[in-house]
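The values are calculated or read from the model by the stated rules, or taken from the named source; none is laboratory data. Everything numeric in this text was worked out from a predicted model, so none of it was measured. Neighbour counts are summed over all protein chains in view; Cβ atoms, including those assigned to glycine, are modelled from backbone coordinates with ideal geometry.
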Ligand SMILES: Nc1ncnc2c1ncn2[C@@H]1O[C@H](COP(=O)(O)OP(=O)(O)OP(=O)(O)O)[C@@H](O)[C@H]1O
Ligand SMILES: [Mg+2]
């Protein structure tokens, strides 16, 4: 396959949120403490691909998406979109840039305005961006609604969100993201709230729309089975850092990081006769306020050595495009499981 152009590039991106402890905690520890939601990640998203971001709850997936969307300001690092540094865009410049990137938010119930009809919800960003006349906006909204199968369009256009099913709400959120013809869609767990029966339909629709509208997706999910179905490449995150990145084939068929293997072991397999990686990470995810030193995964890793707590593992390219951050890589590669 020919090398695809890069749409987004993030370099050494960090986001630390100040924690708001209680009064007593504030008095006892006067120095400010931070949640290291994203802590030095670098990766790119190629034009036309579905780049997956996977990992357990709290590992920083949504924050990464919000950083790329420029909905939150990074603590450090840079974000490039089509080669242009967008890290410090502000005010009017940022508003003009917004249509290129849109986000499907994690919780469709919370992200729709209950006092606006479906049509108003979807068309709201056209109003904000001052695009077209009222009639033109209505036509555009209806066109997008039929693309995401929110039919009969005429009925649903005037309906309020609380009257919709989970799957319909998900389609409204998708339509709202598409109405400005973006180049990049950050889809944050886009099927998590939909009924199991319509999840596959929505995923299929997303793949079809990607081709029809020349979209690129950053697809955020904690569910590796979904990621395998829709993504071209996957970055696996753990406690704010990327531990492994590669094509779906590399990450699923040749997982190199003990954490990736643990995640894969937790994915249900429909065929019970298939061989499985029988490793589950031990213990709980540590706090992102004080992550473990060295390799962040060492407190849960089944092959951790004393050095793992002393050294931050560098990203090593094990195959073209397949990179892994593990101090025990050589040891680990030898194990057959
Ligand atoms: N606005 C914020 N203020 C303070 N802490 C935050 C904020 N947003 C996120 N965090 C913290 O940053 C860390 C990463 O959160 P994030 O929402 O990015 O994780 P996630 O991988 O999307 O998790 P989930 O799978 O549950 O959606 C968490 O510890 C979270 O509590
Ligand atoms: Mg999230």
For region 126-211, please list each of the helices (runs of 4 or more DSSP H) lying entirely inside it that holds at least 1 residues being within 16 Å of ligand 2 (Cβ to nearest atom). 166-178
Which one of the conditions (1) modelled with pLDDT of 95 or more; (2) within 16 Å of ligand 1 (Cβ to nearest atom); (3) in contact with a strand residue (DSSP E or B) (Cβ under 8 Å, 6 or more places away or on another chain) does residue 185 fail to meet, given that it meets all the rest? (2)
Give region 56-84 a look and list any residue that's on the phi > 0 side of the Ramachandran plot, within 16 Å of ligand 2 (Cβ to nearest atom) and modelled with pLDDT of 95 or more, or say none. 60
So, first residue surrounded by 17 or more Cβ atoms within 10 Å (Cβ to Cβ) in region 222-235, second residue modelled with pLDDT of 90 or more and part of a loop (DSSP other than H, G, I, E, B), Cβ within less than 6 Å, six or more apart or across chains; the pairs are 232/49
Residue pairs, Cβ under 9 Å, 6 or more apart or interchain, first in region 1-30 and over 20 Å from residue 88 (Cα atoms), second within 16 Å of ligand 2 (Cβ to nearest atom) and modelled with pLDDT of 65 or more. List them. 18/35; 19/35
Go through region 101-116 and report how many residues are modelled with pLDDT of 95 or more and surrounded by fewer than 16 Cβ atoms within 10 Å (Cβ to Cβ). 4
Quick check on my filter: what residues within region 221-257 are away from ligand 1 (no atom under 16 Å from the Cβ) and more than 20 Å from residue 187 (Cα to Cα)? 249, 250, 251, 252, 253, 254, 255, 256, 257
Going through 133, 151, 158, 216 one at a time, which residue ends up being touching a residue at least 24 places away in the same chain (Cβ under 8 Å), out of contact with any helix residue (DSSP H, G or I) (no Cβ under 7 Å at 6 or more places or on another chain) and more than 16 Å from ligand 1 (Cβ to nearest atom)? 216
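Residue-by-condition table, conditions (1) more than 16 Å from ligand 1 (Cβ to nearest atom); (2) within 14 Å of the chain's Cα centre (by Cα):
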residue: 52; (1), (2): no, yes
residue: 56; (1), (2): no, yes
residue: 59; (1), (2): no, yes
residue: 63; (1), (2): no, yes
residue: 67; (1), (2): no, yes
residue: 83; (1), (2): yes, no
residue: 109; (1), (2): no, no
residue: 117; (1), (2): yes, no
Unique residue being within 16 Å of ligand 2 (Cβ to nearest atom), within 14 Å of the chain's Cα centre (by Cα) and either outside any strand (DSSP E or B) or at pLDDT below 95 (or both) when the list is 227, 235: 227
Residues of region 85-120 classified as over 19 Å from residue 41 (Cβ atoms), more than 16 Å from ligand 2 (Cβ to nearest atom) and either touching a strand residue (DSSP E or B) at 6+ places or on another chain (Cβ under 8 Å) or part of a loop (DSSP other than H, G, I, E, B) (or both), total: 11
Out of 199, 171, I need the residue that is more than 16 Å from ligand 1 (Cβ to nearest atom) and buried (at least 21 other Cβ atoms within 10 Å of the Cβ). Which one? 171
